[in-house]
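Colleague: My questions all concern the structure below.
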Amino acid sequence: MSAFAGAADIMGEMHADDMDLVRKFALSGSDEAFATLVRRHVNLVYSAALRRLGKAEEAEEVAQAVFIILAKKAGSLRRGTILSGWLYQTARLTAANFHRAAVRRQRREQEAFMQFSEQSEPDGSWHRLGPLLEEAMARLGPRERDAVVLRFFENCTVREVAATLGLREDAVQKRVNRATDKLRDYFVRRGIQVSAAALLAAMGTHAVQAAPMELASKIAATAALKGGAGGGSTLTLVKGVLKIMAWTKMKTAAVVGVAMILAIGTTTVVVKPFISPPIENYFAHPETMDLDKAPPVLILRPSRYAGPRDYVITTKADLHNFGKVMRRSCPFGLLLASAYDFGTERMVLPANAPKGQFDLLLTLPHQPAEALREAIKKQFGFVGHPETRDTDVLVMKVSNPAAPGLKVNTQHKDFTINWRKGELVIVNFKMSDIAYCLGTGTFNLPVIDETGLTDAYDFDLHWNGNLNLKGQNKDIERALKEQLGLELVPDRRPLEMLVVEKAK
């Protein structure tokens, strides 16, 4: 059965007018336009969520949340957006957020899979490939992912994909071939032997399955109201994903210096043997340089600047673009953070990970994160992959609602963050963003927000900056409790971590 046989009449309509319908809905609130978008793409969204979560009722809730997010963000989607690719990526993000919020453990499914793979036939059958497909797809760049979604999830011809992406047919075929090689390599490294032909046939047949018949009409009725009729859990899920999207933009726009105490090591990595003086100015005088005007380069080298301080500047970026970045005197973990979008507190690093500090200038216009991953793999021999593991965490809770230092933001439209010796100044941050900053910049442990506070806040936190690192952490905990009324409770939770290992 074809992956989209249940919606052949929908696939007869042209993909090119998806964004016309989005704009029509954004401008006029057209229920008909939105219902058409839901009918076209509900199977794709539902299937991606179902693979991730494994339960139909959870996949339905995620699908409903994804289309509510589409309704809320319809007016901000740019012309040229490949809607099916955007929906697929949003479905992956939403399903992952659902997974974390409900503390479900997908790892047991993968472990059962790996036991299967040692006994099963080497044909890459779908019951072995399916649960790992979302992890494999996460390794593709946005453009490769769009091509795969259109070609195999929506069963478009190469000509139709080329027309949608504005490329020549041979360029589309090359992009699809590269993506296929990456997917196949991922499965082979997981012990599942599968040919390229068998993989493509499996995706084309099984990747998208029909959603429950009543789901499309239910979603169209709820999402067109931008979630006004949705259930409480769905709206909570929507707010969480929108927050993640906003935080992704915020992280790449912020200018933050985080003090790190590191053992200084050595390495022989040299990507470029000579850097012209104008390029060197981006490292030497970053405060005077405009990254948006930098030429397209990827420079990764041992740091030429003394001091244990990571200095980072990034440009604004959207969900699918990590932006331009300059890092100076940067430890290996923060290189990985720029490449994989994981905080260092959510990394599992091997004992033989590179030591010392590095300089990075990444200004490539296309797929910069993917290029940095490849450079790290080539020069250091390490790769990372997401994996759910039981992890030590700090749970942030309210201990004193009347604490004097935590103030609801009422004036500022833009966020700011400033770390100084013994002081952290925050303006217009949500509590979950504060948790992220504390986890990455201070405690090097995931900090989970369970305060229940939904406003944006300002504060100026003070502690004894003359203590050693361990002493400062204890003093920061004291300051959080006394000044902000927040306490950090140790716990152990299953979380998605970036596991870094030697490339095979």
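Colleague: Can you say whether E169 is loosely packed, with under 15 Cβ neighbours inside 10 Å and modelled with pLDDT of 75 or more, as far as the supplied structure shows? Give the steps one after another, and end with the answer.
Modeller: Values: loosely packed, with under 15 Cβ neighbours inside 10 Å: yes; modelled with pLDDT of 75 or more: yes.
In short, yes.
Colleague: Hey, another quick one. Is there a residue in the stretch 351-362 that is touching a Lys or Arg at 6+ places or on another chain (Cβ under 6 Å), modelled with pLDDT of 90 or more and buried (at least 17 other Cβ atoms within 10 Å of the Cβ)?
Modeller: From the stretch 351-362, those touching a Lys or Arg at 6+ places or on another chain (Cβ under 6 Å) are 359-360; that's our starting set.
Keeping just the survivors that are modelled with pLDDT of 90 or more gives 359-360.
After this cut, where a residue has to be buried (at least 17 other Cβ atoms within 10 Å of the Cβ) as well, the list is 359-360.
Yes, the conditions are met somewhere in the stretch 351-362.
Colleague: Just wondering, is there one or more residues in the stretch 394-403 that are closer than 22 Å to P331 by Cβ and surrounded by 16 or more Cβ atoms within 10 Å (Cβ to Cβ)?
Modeller: yes
Colleague: Okay, next question. Let me spell it out: the conditions are (1) in a loop (DSSP other than H, G, I, E, B); (2) farther than 30 Å from R492 by Cβ; (3) not acidic (D, E), and A353 meets all of them except one. Which number is the exception?
Modeller: (2)
Colleague: Next question. Does any residue of the stretch 397-413 turn out to be touching a strand residue (DSSP E or B) at 6+ places or on another chain (Cβ under 7 Å) and at pLDDT below 85? Lay out the reasoning, then the answer.
Modeller: Narrowing the stretch 397-413 to residues touching a strand residue (DSSP E or B) at 6+ places or on another chain (Cβ under 7 Å): 397-399, 405-409, 412.
Subset that is at pLDDT below 85: 412.
Checked the stretch 397-413: at least one residue is touching a strand residue (DSSP E or B) at 6+ places or on another chain (Cβ under 7 Å) and at pLDDT below 85.
Per-residue answers, yes or no, for (1) under 21 Å from M326 (Cα atoms); (2) in contact with a Pro (Cβ under 8 Å, 6 or more places away or on another chain); (3) assigned to a loop (DSSP other than H, G, I, E, B):
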position	(1), (2), (3)
A369	yes, no, no
I376	yes, no, no
D392	no, yes, no
T410	no, no, yes
N418	yes, no, no
I434	no, no, no
G439	no, yes, no
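Colleague: Same structure, new question: Quick one: count up the residues across the stretch 377-393 that are more than 21 Å from T440 (Cα to Cα), touching a strand residue (DSSP E or B) at 6+ places or on another chain (Cβ under 7 Å) and surrounded by 14 or more Cβ atoms within 10 Å (Cβ to Cβ).
Modeller: We begin by selecting, within the stretch 377-393, every residue more than 21 Å from T440 (Cα to Cα); these are 377-382.
Narrowing further to those that are touching a strand residue (DSSP E or B) at 6+ places or on another chain (Cβ under 7 Å): 377, 379, 381-382.
So of that shortlist, the ones also surrounded by 14 or more Cβ atoms within 10 Å (Cβ to Cβ) come out as 377, 379, 382.
Residues in the stretch 377-393 being more than 21 Å from T440 (Cα to Cα), touching a strand residue (DSSP E or B) at 6+ places or on another chain (Cβ under 7 Å) and surrounded by 14 or more Cβ atoms within 10 Å (Cβ to Cβ): 3 in total.
Colleague: Also, quick follow-up: Could you identify the single residue in E477, E501 that is at pLDDT 90 or above and either assigned to a strand (DSSP E or B) or of a type in the set (F, W, Y) (or both)? Before you say what the answer is, go through the steps one by one.
Modeller: Working: E477 fails: either assigned to a strand (DSSP E or B) or of a type in the set (F, W, Y) (or both).
Result: E501 is the single residue among E477, E501 that is at pLDDT 90 or above and either assigned to a strand (DSSP E or B) or of a type in the set (F, W, Y) (or both).
The values are calculated or read from the model by the stated rules, or taken from the named source; none is laboratory data. Keep in mind that what you see is a predicted model, and the values were worked out from it rather than measured. Every residue, glycine among them, receives a Cβ derived from its backbone with ideal geometry; neighbour counts consider all protein chains shown.
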